[in-house]
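Quick notes on the structure that follows.
Read-outs: derived from the displayed coordinates by stated rules, not from any lab. Here the structure is a predicted model, which means the values were calculated and not measured. Reconstructed Cβ throughout: ideal geometry from the backbone, glycine too, with neighbour counts over all protein chains shown.
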Amino acid sequence: MTADASGAGARAVVLGAAGQLGREVADELRRRGIDALAADRRRADVTDTEAIVALAARFGAAAVYNCAARTDVDGCESEPEAAMEVNGRAPARLAAALPRTCRLIHVSTDYVFDGRGRRPYREGDPTAPGTAYGRSKLDAEQAVADAGGLVVRTSWVFGPEGRNFVSAIAARLGRGEPLRVVSDQIGCPTYAPYLARALVDLQAAGAAGIVHYCNVPAASWHGFAIAIVGALGLNAEVAPVATADLPRPAVRPAYSVLDVARFESLTNRRVEEWAAGLDDYFERLGQGKAET
Ligand SMILES: NC(=O)c1ccc[n+]([C@@H]2O[C@H](COP(=O)([O-])OP(=O)(O)OC[C@H]3O[C@@H](n4cnc5c(N)ncnc54)[C@H](OP(=O)(O)O)[C@@H]3O)[C@@H](O)[C@H]2O)c1
């Protein structure tokens, strides 16, 4: 099957299609007239390279979007080997095994950086992950890029179909629990449907190598939590706390803002604001200000 310039008529496989990003990527592709085979873990385990290559060939896919990952950052600390296999070695194997006619679009993370930066991280900045999750994600990046694939690093993802920071805060509010949120970690929240659009735009633009994509502006988790309370039309207090007061198995980067200049130049458009994504998130769940 041949594709026109917009990608219509093309076909793509989405791995990790039951995850918060995978669902949005499959929807976005279909909206653009691209036939998407949405494969969850039962249909396609990302570690089974041969099966995925065969699936992509049978389907006639011109692209494989890898949204599958072990994303439990604290869990990866206790099971680093399993994390490395799913997040690191499997995408690397897949990139090398796919034919030239089928490109791998792979999603990576701000956790590849050590978080000690003072200005937004550029694609070529030195990496130094401080967590097992970050190390496992970094492991795949070079292999995917070397095979001609696309690696999109992103951060703080929230989608209406997922378990994420926004759903956790909303659940706490629903239970009337007090909110204490870290105020000394800075990053960029990213709305999953916007990220899905960005991935498909980058593929349509023929982008390769590593590209950073996140929404703007940068915020602390505390600032993001206040915005969530506001988007729900509520008045609850959010107490700021220091990272040191809420120890977790995996140490989160203090600063993980990504520089999106390369994305903006490749796609000739600006990245979206996460606040608009937050409104859309609650609208889709029927919980926005208008509904409360
Ligand atoms: N969430 C974030 O804040 C964030 C930030 C930066 C980058 N990212 C990256 O963005 C991508 C999408 O993440 P997400 O937020 O959509 O995560 P998610 O909601 O946890 O989705 C990941 C999906 O991958 C599936 N999966 C796990 N192991 C698999 C395997 N061996 N084979 C096939 N599927 C497997 C999971 O299935 P099960 O539920 O059955 O395990 C889940 O459906 C990932 O590459 C992640 O590293 C996420």
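Here is how the numbers come out for the structure above:
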read-out: Pairwise label distance in nanometres, Asp125 with Asp48, each label 7 Å out on the Cα-Cβ vector; value: 3.9 nm
read-out: Label-to-label distance, nm, for residues given as Ala171 and Ala276 (7 Å Cα→Cβ offset); value: 3.0 nm
read-out: Proximal charge balance of Ala57 [Cβ under 12 Å; K/R count +1, D/E count -1]; value: +1
read-out: Neighbourhood charge, 12 Å Cβ-Cβ cut-off, centred on Val257 and excluding it, Lys, Arg +1 and Asp, Glu -1; value: +1
read-out: Rounded to the nearest 20 debye, dipole of the chain from Cβ charges on Lys, Arg, Asp, Glu; value: 340 debye
read-out: Cα centroid of segment 139-158 to Cα centroid of segment 40-107, whole Å; value: 12 Å
read-out: Segment 159-168 - phi-based ³J(HN,Hα) in whole Hz, Karplus 6.51/-1.76/1.60, Gly and Pro as x; value: x, x, 9, x, 9, 7, 4, 5, 5, 5
read-out: ³J(HN,Hα) computed for each position of segment 86-94 - Karplus, 6.51 cos²θ - 1.76 cosθ + 1.60, integer Hz, glycine/proline x; value: 6, 8, x, 5, 4, x, 5, 4, 5
read-out: For the chain, cysteines whose Cβ has no other cysteine Cβ within reach (under 4.7 Å); value: Cys67, Cys76, Cys102
read-out: For Thr101, net neighbour charge (Lys/Arg +1, Asp/Glu -1) across residues whose Cβ lies under 15 Å away; value: +4
